[in-house]
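The structure appears right after this line, and notes come after that.
Bear in mind that the values in this text are calculations on the coordinates, not laboratory data. Values in this document were obtained by computation on a predicted structure and should not be read as measured data. All Cβ positions, glycine included, derive from the backbone under ideal geometry; neighbour counts span all protein chains shown.
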Amino acid sequence: MGVWIWVVLGIVIVVGAIALIAAGSRETSSGEEDPLMARLAEFSESGELTSLEEIELSQPFRDRVVVPFLQRIGEISTRFTPQRVLEETNHKIELAGNPMRLEASTLLASRFVVAAFFGGFLFLISTFAPDPWPLARVVIVVVLFTVLGFFFPQLWLQSKIDRRQKEIRKAMPDALDLLTICVEAGLGFDAAMSKVSEKWDNELAIAFSRAIREVQLGKLRRDALKDMADRIGLPEMTSFIAAVIQSEQLGVSMAKVLRIQSEQMRIKRRQLAEEQAHKAPVKMIIPMAFLIFPSIMIVLLTPAILRLVKNFKGLG
């Protein structure tokens with residue numbers, strides 16, 4: 001077991017050295033501005049004299065060490081990853097709203113890092129435990145947590161996607177009402193979307209704002225709206241964008257289309273709420289069977305059991 005301890009310590013030292021090298025040797029990609037130089041120029045303009053080392057140390061540990069280390073591993077793993085997997089991962093990141101400005105290679109590399117961390121952590125616990133664990137238990141626990149760590153980034157990303165889509169689905173009826181009011185007041189569709197993005201600070205407003213910026217940069221409105229629907233991934237948003245594009249092509253009143261879409265969104269949201277309400281009793285069976293019912297049985301039967309035991313002792 002002592003040999004394993006030295007092996008684990010050696011792995012930890014090697015990983016730490018790689019992380020420090022990756023943090024120290026990070027280079028600026030071609031065509032991009034160095035963020036350190038940009039911050040140094042910002043400090044110089046404000047009159048505060050500082051150095052690159054101080055600016056580097058002022059950044060969070062995640063930006064200085066963790067992200068560059070994952071990027072280096074991602075660059076290596078990208079060479080052996082199929083293009084289809086990278087495209088699917090990029091699409092999922094877009095559906096999640098691009099949290100933490102992740103890249104597909106970084107997310108794919110984090111699976112191996114998190115798996116190694118989970119497995120190594122449990123191995124250290126089993127090694128330094130007061131009572132030595134059996135070899136079979138060590139293998140099972142380490143393998144189980146390694147597999148869990150491998151799939152943990154994907155589960156985290158899927159939870160981000162579900163949370164974002166839920167927030168957008170909840171905000172869509174109110175946003176369409178505001179769009180309808182703005183269009184009926186004489187604003188164009190782009191200006192109405194700008195009003196929605198200015199009024200609220202949620203995922204739907206961010207999606208509208210990005211689509212508006214794309215239109216301002218020269219992209220066709222229908223292409224920008226279709227891309228926005230693809231980045232959200234909700235059937236309701238896809239049908240709404242299709243209705244808007246069709247109304248523009250056929251010359252139908254935009255206000256009437258928006259009002260109809262708003263009513264349909266509210267009906268859909270009400271149906272989803274009713275569906276969740278019908279699922280609630282089924283979901284409550286497990287906690288009631290394993291948590292609530294045993295507690296009730298203990299509270300109700302304990303006095304009777306104690307009295308029976310006392311009576312039997314009196315008879316004896």
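Show me the ranking of peptides 151-162, 121-132 by mean Cβ neighbours inside 10 Å, starting with the highest. Working shown, then result.
Working: 151-162: 15.2, 121-132: 13.3.
Highest to lowest by the protection proxy: 151-162, 121-132.
Hey, what D do you get for segment 138-216 in µm²/s if you plug the Kirkwood alpha-carbon radius into Stokes-Einstein at 4 °C and 1.567 mPa s?
Working: Rh = 15.1 Å.
After rounding, the answer is 86 µm²/s.
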Query raised in the report: So, by mean Cβ neighbours within 10 angstrom, what's the order for 194-205, 213-224, 284-295 with the highest one leading?
Result: 194-205, 213-224, 284-295
Report task. Give the peptides 268-277, 139-148 in descending order of average Cβ contacts within 10 Å, highest first. Result -> 139-148, 268-277
Query - segment 171-316: relative contact order in percent, alpha carbon pairs under 8 Å with at least 6 residues between - result: 23 percent
Query raised in the report: segment 68-123 to segment 202-256: how many Å between their Cα centroids?
Result: 30 Å
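Classify segment 181-255 from the C-alpha gyration tensor, please: rounded if a/c falls under 1.5, else prolate or oblate depending on whether a/b exceeds b/c.
Details: a/c = 1.35, a/b = 1.07, b/c = 1.26.
Because its axes are fairly even, with a/c under 1.5, segment 181-255 counts as rounded.
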